[in-house]
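Data first, discussion second: the structure below is written as structure tokens.
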Amino acid sequence: MRRHFPYKKVITLALLVAASVFLMNLTGKPLEGPSFWESLLYRLGSPFYKAFSSVRDRYTVWSTAFQDKLALLAQNESLKAELEAIEALKAELAEAKKENERLRDLLNFVETAPGRYEVAKVVGRNPSKWFSTIGISKGALDGVEVDCAVVSRSGLVGRVISVEDHYSTVLLITDPESGVGALVERSRDYGVTLGGSGPTTLVFRLFSKDTDVQTGDKILTSGVGSKYPSGLLIGEVVSVYVPQPGLVKEAVVRPATDLEHLEEVMVLLP
């Protein structure tokens, strides 16, 4: 037989009231400060929030540093480009200065030398005869003709062998087919200079082994039996010898003009 508890309803009611009060404390928000659940969530989530904040802060720092690095690299490339442009400009200015000096020397020569001259730039060389012919920027329309003498500010270069409207080919005095009537400036002994011994030397063959020629003598064009006018400097004697069988005397002559590095020349017009 089941026993009845007369206070069962009272106890149940008391438990419900207690539970309600407990739930109100749990879910209700106090007038000041966070609620219970907010406090609990804050405590549970605080480590994760701190970790996230740390990662976010590091990412921000790295992102800023990366952007700064990219900006510095871009600025560095820009400065390098500007520096290269400045260096190129400096080189162009230096080259223009050298060219102006050369042209001024040529013009001074033209003003003081007898005859009419046309200044021309060297614009080409024959690859098969690098030290034998050059191309220049003046031609028939500028008054240039075949056999016109070509000189530099230092001395004789060669003669024109073909002409177009604005271009001419010049045979250098070092070419094997080139022969120039010449004389010793000091003794006035005659001979002929011949090319073919190399890009930097000529052979001066005199007409007699008794001629007076010495190392250091200046050799000029003689104007005799030659396509060149007299008095143009050809070069300087560097050695004298008598070849076998010794019928004539010969000398090695260094050209007065650096034919390997010509940039401008002058054409003696007819």
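Could you please let me know if residue 177 is surrounded by 13 or more Cβ atoms within 10 Å (Cβ to Cβ) and acidic (Asp, Glu)? Working first, answer last.
Numbers: surrounded by 13 or more Cβ atoms within 10 Å (Cβ to Cβ): no; acidic (Asp, Glu): yes.
The answer is no for residue 177.
Does residue 165 satisfy the condition of being under 27 Å from residue 118 (Cα atoms), surrounded by 15 or more Cβ atoms within 10 Å (Cβ to Cβ), within 40 Å of the chain's Cα centre (by Cα) and of a type in the set (D, E, K, R)?
Working: under 27 Å from residue 118 (Cα atoms): yes; surrounded by 15 or more Cβ atoms within 10 Å (Cβ to Cβ): no; within 40 Å of the chain's Cα centre (by Cα): yes; of a type in the set (D, E, K, R): yes.
The answer is no for residue 165.
Any idea how many residues of region 162-193 are of a type outside the set (Asp, Glu) and within 15 Å of residue 133 (Cα to Cα)? Please lay out each step first, then the result.
Of region 162-193, the ones of a type outside the set (Asp, Glu) are 162-163, 166-174, 176, 178-184, 186-188, 190-193.
Cutting the leftovers down to within 15 Å of residue 133 (Cα to Cα) gives us 162-163, 167-174, 176, 178-179.
Final tally of qualifying residues: 13.
Just to check your reading of the model, which residue among 216, 196 is exposed (fewer than 14 other Cβ atoms within 10 Å of the Cβ), within 41 Å of the chain's Cα centre (by Cα) and either assigned to a strand (DSSP E or B) or without any contact (Cβ under 8 Å) to a residue 40 or more places away in the chain (or both)?
Details: 196 fails: exposed (fewer than 14 other Cβ atoms within 10 Å of the Cβ).
Sole residue among the options that is exposed (fewer than 14 other Cβ atoms within 10 Å of the Cβ), within 41 Å of the chain's Cα centre (by Cα) and either assigned to a strand (DSSP E or B) or without any contact (Cβ under 8 Å) to a residue 40 or more places away in the chain (or both): 216.
Quick one: in region 239-270, which of the residues that are among the small types (Gly, Ala, Ser) and not in a strand (DSSP E or B) is surrounded by the fewest Cβ atoms within 10 Å (Cβ to Cβ)?
Within region 239-270, the first condition is being among the small types (Gly, Ala, Ser), and the residues that meet it are 239, 246, 251, 256.
From the residues that got through so far, the ones that are not in a strand (DSSP E or B) too are 246, 256.
On the way: 246: 9, 256: 22.
For region 239-270, the residue satisfying everything is 246.
Out of the residues in region 133-145 that are more than 14 Å from residue 118 (Cβ to Cβ) and either touching a Ser or Thr at 6+ places or on another chain (Cβ under 7 Å) or of a type outside the set (A, V, I, L, M) (or both), which is modelled with the highest pLDDT?
To start, the set of residues in region 133-145 that are more than 14 Å from residue 118 (Cβ to Cβ) comprises 133-135.
Applying the additional criterion that residues be either touching a Ser or Thr at 6+ places or on another chain (Cβ under 7 Å) or of a type outside the set (A, V, I, L, M) (or both) yields 133, 135.
Values: 133: 91, 135: 95.
In this case the residue turns out to be 135.
Suppose the filter is over 24 Å from residue 136 (Cβ atoms) and surrounded by 18 or more Cβ atoms within 10 Å (Cβ to Cβ); does residue 209 pass it? Reasoning before the result, please.
Values: over 24 Å from residue 136 (Cβ atoms): yes; surrounded by 18 or more Cβ atoms within 10 Å (Cβ to Cβ): no.
Answer is no for this residue.
Using the structure shown, decide if residue 188 is assigned to a loop (DSSP other than H, G, I, E, B), charged (D, E, K, R) and loosely packed, with under 13 Cβ neighbours inside 10 Å. Explain how you work it out, then say what you get.
Details: assigned to a loop (DSSP other than H, G, I, E, B): yes; charged (D, E, K, R): yes; loosely packed, with under 13 Cβ neighbours inside 10 Å: yes.
Yes.
Taking region 143-156 only, how many residues are surrounded by 18 or more Cβ atoms within 10 Å (Cβ to Cβ) and either over 31 Å from the mean Cα position of the chain (by Cα) or not charged (D, E, K, R) (or both)?
Restricting attention to region 143-156, the residues satisfying the condition of being surrounded by 18 or more Cβ atoms within 10 Å (Cβ to Cβ) are 144, 148-153, 155-156.
Subset that is either over 31 Å from the mean Cα position of the chain (by Cα) or not charged (D, E, K, R) (or both): 144, 148-152, 155-156.
Looking only at that region, the number is 8.
The values are calculated or read from the model by the stated rules, or taken from the named source; none is laboratory data. Here the structure is a predicted model, which is why all the values come from computation and not from measurement. As a convention, Cβ positions derive from the backbone with ideal geometry for all residues, glycine included, and neighbour counts pool all protein chains shown.
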